[in-house]
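No value in this document is a laboratory result; all are computed from the given coordinates. What you see is a predicted model, and the numbers here were worked out from it, not measured in a lab. Because the Cβ atoms are built from the backbone with ideal geometry, glycine has one as well, and the counts that use them run over all protein chains shown.
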Amino acid sequence: MDAQGDHNAARALLAESLALALRVLDRPTIAAGLHGLARLSASRTSVRAAQLLGGASTLDRALNDPLAGLGAAESWVTDLRARVGDRPFADAWERGRAMTVHEAVAYALADEGR
């Protein structure tokens, strides 16, 4: 399987997990799915990745996750911010934070080409 196939397979599995987690409102799994899809999106649609991270961060805080916020310190997020630019990254992050759980999942499951 090539890198594109790996990406597509990973996205499909994460999307399935996220959709199932939403059906039972499993917030920790939803947050993990948003983080995972953000990481996959980072190489293709950087602003989308930042918005997904914003949505995940809201869930992290709501869950009182002791590791919440560490994702923003990861090197891939630092690289993402550098590629997007500080202001566009912050704007996308805030749009994600403003989403409800259902909106964040719908956005995550929507076509990645947006």
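Cα-based radius of gyration for the chain, normalised by 2.2 N^0.38 Å, reads 0.99.
Dividing the mean sequence gap of close Cα pairs (under 8 Å, 6+ apart) by how many residues the chain holds gives a relative contact order of 30 percent. With neighbour counts taken as other beta-carbon atoms within 10 Å, the residues L80, L53 rank, fewest first, as L80, L53.
Within the chain, which whole H helices from DSSP have a Cα span along their axis of at least 27 Å and a mean Kyte-Doolittle hydropathy of 0.0 or more, if any? Present the calculation step by step, with values, prior to reporting the outcome.
Numbers: long enough: 3-23 (30 Å, 0.20).
Helices passing the filter in the chain: 3-23.
Multiplying the residue separation of T78 and E94 by 0.36 nm and subtracting their alpha-carbon distance yields 4.1 nm. Legend: ranking of residues S17, S43, S57, S75 from fewest to most surrounding C-beta atoms inside 10 Å; resulting order S75, S43, S17, S57.
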